[in-house]
C-alpha cells in the first residue's frame with residue numbers, strides 16, 4: 001500500500017477511535033465538566049415540512065403507529081410530536097427526540113432499519129412515491145441539554161400550550177454568555193412566572209448557528225402572555241439582564257407555538 005492509500009485508510013480509523021472515546025467519556029461523565037456534563041441529554045428537533053394540512057394525517061399515522069413505538073423499543077424518549085397553532089401556523093409537524101447518550105444517537109437509524117415491526121408498520125410511509133410524498137423535506141437540529149437542565153421535564157398540566165423559542169446571537173462569545181445566563185439562574189425564573197420548564201438546549205449542529213432552543217408550557221395562550229409580562233419585569237431577571245457579564249447577549253428571537261398530538265409523550 002502506498003503512502004497516500006495508507007493515510008486514507010488511517011484517517012477514518014483514527015476519527016472513529018476518537019469519536020468512540022469521546023462518546024464513552026460523555027456517557028460516563030468524564031469530560032471534566034467543561035462542555036459536556038454528566039447525564040446531559042442530546043435532543044433532536046426535527047421538522048417535517050408539508051405542502052398543506054391535508055398531508056398531516058398520513059404523516060401522523062406513521063409517527064403514531066410506526067415511529068414512536070419503534071423509538072421506544074430502542075430506548076429513546078420521551079418523544080414529543082407537535083402541530084403549530086396561532087395566526088402564523090404552518091402545516092409542519094415537529095418532533096422532539098431525546099437521546100440519553102451519544103451512542104443512542106449514532107445507533108438509532110440502523111436500529112430502526114433492523115426492526116421488523118417498524119418496517120411493517122411504516123410500509124406505506126416508506127413506499128411513498130415522488131408524486132405523492134409523505135413530506136416535502138425534513139429539517140433537523142442537534143442540541144445538547146444545558147448544564148442547569150440536563151434532562152427533559154414533560155409538563156404535567158393538560159390542556160397546555162407549548163412555546164419553543166430559538167435565540168440566535170451575533171457571535172459565539174455572546175452566545176456562550178447567553179447560555180451561561182440561563183445556567184446561572186434565568187432558567188429558575190420561568191416557574192416563578194407561571195411556566196413549566198420542559199427543555200433547554202444549545203444547538204450543536206443545525207442552521208443559523210450560534211443558537212439555542214428551549215420549550216415552556218402554559219395552560220393556555222392567555223397564561224403564556226401573562227407569564228411573559230411577569231418575567232420581563234421580575235426582579236431576578238432585571239438583575240441578570242443588567243449584569244455587565246451578560247451585556248450584548250440580547251438575541252434575535254423566533255417564537256413557535258405548538259400543541260401536542262394526542263399520542264405525544266411530551
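Annotation note: Cβ proximity below 7 Å between a residue of the stretch 172-184 that is in contact (Cβ under 8 Å) with a residue 24 or more places away in the chain and a residue that is assigned to a helix (DSSP H, G or I) (sequence gap 6+ or interchain) occurs for 177/245; 177/246; 181/240; 181/246.
Residues that are free of Cβ contacts under 8 Å to residues at least 24 places away in the same chain and in a helix (DSSP H, G or I) within the stretch 62-98 comprise just one, 72. What about residue 237, is it part of a helix (DSSP H, G or I), free of Cβ contacts under 8 Å to residues at least 60 places away in the same chain and touching a strand residue (DSSP E or B) at 6+ places or on another chain (Cβ under 8 Å)? Against the criterion (part of a helix (DSSP H, G or I), free of Cβ contacts under 8 Å to residues at least 60 places away in the same chain and touching a strand residue (DSSP E or B) at 6+ places or on another chain (Cβ under 8 Å)), residue 237 does not qualify. Checked against the criterion of being in contact (Cβ under 8 Å) with a residue 40 or more places away in the chain, out of contact with any helix residue (DSSP H, G or I) (no Cβ under 7 Å at 6 or more places or on another chain), in a loop (DSSP other than H, G, I, E, B) and farther than 18 Å from residue 64 by Cβ, the stretch 100-120 contains one or more residues that satisfy it. Considering (1) out of contact with any helix residue (DSSP H, G or I) (no Cβ under 9 Å at 6 or more places or on another chain); (2) loosely packed, with under 14 Cβ neighbours inside 10 Å; (3) at pLDDT below 95; (4) closer than 18 Å to residue 107 by Cα, the lone condition that residue 25 does not fulfil carries the number (2). Whether a residue is surrounded by 15 or more Cβ atoms within 10 Å (Cβ to Cβ) and either assigned to a strand (DSSP E or B) or at positive phi (or both) was assessed, and residue 163 passes this test.
Against the test of being farther than 24 Å from residue 90 by Cα and at pLDDT below 95, the options 186, 113, 131 yield a single qualifying residue, 113. Scanning the stretch 231-251 for residues that are within 12 Å of residue 189 (Cα to Cα) and under 26 Å from the mean Cα position of the chain (by Cα), we see that the one that is surrounded by the fewest Cβ atoms within 10 Å (Cβ to Cβ) is 232.
The values are calculated or read from the model by the stated rules, or taken from the named source; none is laboratory data. No experiment lies behind these values; they were computed from the predicted model shown. Note that each Cβ is placed from the backbone with ideal geometry, even for glycine, and that neighbours are counted across all protein chains shown.
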